[in-house]
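Everything below concerns the one structure shown next.
The values are calculated or read from the model by the stated rules, or taken from the named source; none is laboratory data. In this text the structure is predicted, and so the values were computed from the model without any measurement. Here the Cβ is made from the backbone with ideal geometry for all residues, glycine too, and neighbour counts use every protein chain on show.
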Amino acid sequence: MGDTRSADKPLTDRLLRSWTRCRRRAWLDRHGSNQLRLYTAHRTLQLDDQQRSFVALLARKPGHGLQACAQGEEGVVGLRLRSTTREGLAVEAHPALLQRRAGSSRWGDFVYRPVLARQGRRLTREHRLQLALAGRLLEQLQQAPVRDGLALAGSGRRLERERVPLGGALQRQLDESLTKLAADLKRPTPPALAADRRKCTLCSWRGVCNADAAREGHLSEVSGIGAKRRDMLIEIGIDGLAALADADPERLALQLERFGEQHGAVAAPLVAQARAQRDGCAELLAVPPALPELAEAPGVLLYDIESDPDARDDFLHGFVRLPRGLEGRWDLSRATYHPLLALQEHGEGACWTRLQRMLRQYPDWPVLHYGETESLALRRMAQRQGVGDADLAALRRRLVDVHERLRRHWRLPLNSYGLKTVADWLGFRWGQTGVDGARALLWWRQWRGTGPGGRGHVQALRWIFAYNRDDGLATWAVAAWLLAQDETLGKG
């Protein structure tokens, strides 16, 4: 038998979730080649969060399928719900969990409602539509109303529960969304690229869309252009990277000022960035040196943090110790890696003591990091630990943001100034292929397990350490390039 024709396939809750995030993603989920998908740890992290939330909610393991519903289990998983809309569209949902509630249904003196686990700090339209679809189909199955769903976040004692009403306007939004989703899936070609592509890094279709964006010269490819700025440029007739590179900066500034004076000020930098990307040339912006702190330094500490943002947990403070050689040269063969693992059960005070010990051991060494995350985290921890103003000022002086120095001194022919993009352009390669912060976080959760008595395999920690060490070395690759450019310009 051949594959089911696309027109005959149901609209699923998974497609609806993709469509709510990005219309193009839903189309690719239905019509794209799975061979072009790239792995992302984000979905696995979501499932991990979901499992932890459900364990905290239920007193015992949930039952499975229709039989569990008939038996009145407290929680039910593995149920497939099917129906058709008033327009005749086949729809299907696979609710992650059903929770038993008081009421009356075909099975007895109880009813079920759909439950989902959310990530992030607030409930979104995506979550509401998922619950609405599951609730509508569940009503038909249990022959009883489903007036609300339940959204969970966190786990254990920190489990958050939010009741979500499923009637009224939400049902109308669901009907409209399903109709639009069906229309998008019937298209012979995918919808346009998303205006704001910052979240594309979380999507398994990012490789396909990145290639299309580069080929089209999409405005989102220009570093510094988000969704709102792109809309402004399109409104005044700038529809791509090439058009922006060809624009007159002064005229563009006047055109952008109609949206507010502050927008006119970005015209010249945007045109210059587009030209750098079009021509493939780096441009010097400020007089060197970019890193004067390194001129007489006996060594540097390369600092990178790995964190679990949802838990607000900076679980690893990694340092690469790089001393200067006898002849004043930097020799990477002498670099050593020093990971400081910060377990929450040990308390922040213990972590701060270890960090102080590392910093005091090398008092004259600048601490290089990429981006503001490390500087903010370290200084805020110092403040919470009661460090005085003088010591805080000294700590601030030691911290050198390589990303900020790069942006201040150079314009690069790249669509992003993120560490991975810049270091890759310079020829640096991470030792582990396809690893990112999300994968490191997944490994951390796998190792952390259920606590001190239920740790995972130590190999997960080794992978995290290797990734964190490479982030530190990538930071040095950028710093070394800045130093090399300064040296070349000095000779000139």
### Query
Quick check, is Arg163 farther than 21 Å from Glu92 by Cβ and surrounded by fewer than 19 Cβ atoms within 10 Å (Cβ to Cβ)?
yes
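If I go through region 379-406 residue by residue, how many of them are more than 22 Å from the chain's Cα centre (by Cα), of a type outside the set (Gly, Ala, Ser) and in a helix (DSSP H, G or I)? Break it down stepwise before answering.
Narrowing region 379-406 to residues more than 22 Å from the chain's Cα centre (by Cα): 379-400, 405-406.
Now restrict to residues that are of a type outside the set (Gly, Ala, Ser): 379-381, 383-385, 387, 389, 391-392, 395-400, 405-406.
Of the ones still in play, those that are also in a helix (DSSP H, G or I) are 379-381, 383-384, 389, 391-392, 395-398, 405-406.
So the answer is 14.
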### Query
Name the residues in region 232-272 that are closer than 23 Å to Leu414 by Cβ, charged (D, E, K, R) and part of a helix (DSSP H, G or I), would you?
Asp246
### Task
May I ask you to list the residues in region 411-441 that are in contact (Cβ under 8 Å) with a residue 60 or more places away in the chain, surrounded by fewer than 20 Cβ atoms within 10 Å (Cβ to Cβ) and not in a loop (DSSP other than H, G, I, E, B)?
Gly437, Ala438
### Message
Checking the conditions here, which among Ala96, Ala169, Ala183, Ala102 is in contact (Cβ under 8 Å) with a residue 12 or more places away in the chain and of a type in the set (Gly, Ala, Ser)?
### Response
Ala96
### Summary
The lone condition Leu202 fails out of (1) more than 22 Å from Arg43 (Cβ to Cβ); (2) touching a His at 6+ places or on another chain (Cβ under 8 Å) is (1)
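Return yes when Asp304 is touching a residue at least 60 places away in the same chain (Cβ under 8 Å) and either touching a Leu at 6+ places or on another chain (Cβ under 9 Å) or assigned by TED's automatic domain parsing to the domain that holds Gly386 (or both) and no when it is not.
Numbers: touching a residue at least 60 places away in the same chain (Cβ under 8 Å): yes; either touching a Leu at 6+ places or on another chain (Cβ under 9 Å) or assigned by TED's automatic domain parsing to the domain that holds Gly386 (or both): yes.
So Asp304 passes the test.
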## Note on the structure
Within region 441-492, residues at pLDDT 95 or above, under 20 Å from His317 (Cα atoms) and small (Gly, Ala, Ser) come out as Ala466, Gly472, Ala474, Ala477, Ala479
### strands (runs of 3 or more DSSP E) enclosed by region 41-135 - at least 3 residues per element that are surrounded by 15 or more Cβ atoms within 10 Å (Cβ to Cβ) and either hydrophobic (A, V, I, L, M, F, W, C) or at pLDDT 90 or above (or both)
75-77, 90-93, 97-105, 108-117
### Message
Please pick out the residue among Gln485, Gln446 that is part of a helix (DSSP H, G or I) and either free of Cβ contacts under 8 Å to residues at least 24 places away in the same chain or of a type in the set (Asp, Glu) (or both).
### Response
Gln446
### Message
For region 96-130, which positions are in contact with an Asp or Glu (Cβ under 8 Å, 6 or more places away or on another chain) and aliphatic (A, V, I, L, M)?
### Response
Ala102, Ala117, Leu123
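Please enumerate the residues belonging to region 203-228 that are over 16 Å from Ser416 (Cα atoms) and not polar (S, T, N, Q). First the steps, then the outcome.
In the first step, residues of region 203-228 are kept if they are over 16 Å from Ser416 (Cα atoms); the result is 203-205, 208, 212, 215-216, 228.
Within region 203-228, Cys203, Trp205, Val208, Asp212, Arg215, Glu216, Lys228 qualify.
Looking only at region 138-184, how many residues end up being of a type outside the set (Lys, Arg), assigned to a helix (DSSP H, G or I) and farther than 23 Å from Gln51 by Cβ? I'd like the intermediate steps shown before the answer.
Going residue by residue through region 138-184, those that are of a type outside the set (Lys, Arg) are 138-146, 148-156, 159-160, 162, 164-171, 173-179, 181-184.
Okay, now just the ones that are also assigned to a helix (DSSP H, G or I), so 138-142, 156, 169-171, 173-179, 181-184.
From what's left, farther than 23 Å from Gln51 by Cβ: 139-142, 169-171, 173-179, 181-184.
Going through region 138-184 one residue at a time, the tally reaches 18.
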### Summary
Within region 275-319, residues part of a loop (DSSP other than H, G, I, E, B), over 18 Å from Ala335 (Cβ atoms) and touching a Phe, Trp or Tyr at 6+ places or on another chain (Cβ under 7 Å) come out as Ala282, Leu285
### Message
Can you say whether Arg14 is modelled with pLDDT of 95 or more, at negative phi, surrounded by 15 or more Cβ atoms within 10 Å (Cβ to Cβ) and part of a helix (DSSP H, G or I), as far as the supplied structure shows?
### Response
no
### Query
From the list Arg258, Arg198, Arg215, which one is under 21 Å from Gly280 (Cα atoms), of a type outside the set (Phe, Trp, Tyr) and not assigned by TED's automatic domain parsing to the domain that holds Asp436?
Arg215
### Task
Return only the number of the condition from (1) surrounded by 15 or more Cβ atoms within 10 Å (Cβ to Cβ); (2) at pLDDT 95 or above that Ala213 does not satisfy.
(2)
### Task
Take Gly217 and decide whether it is touching a helix residue (DSSP H, G or I) at 6+ places or on another chain (Cβ under 8 Å), farther than 30 Å from Gln35 by Cβ and of a type in the set (Gly, Ala, Ser).
no
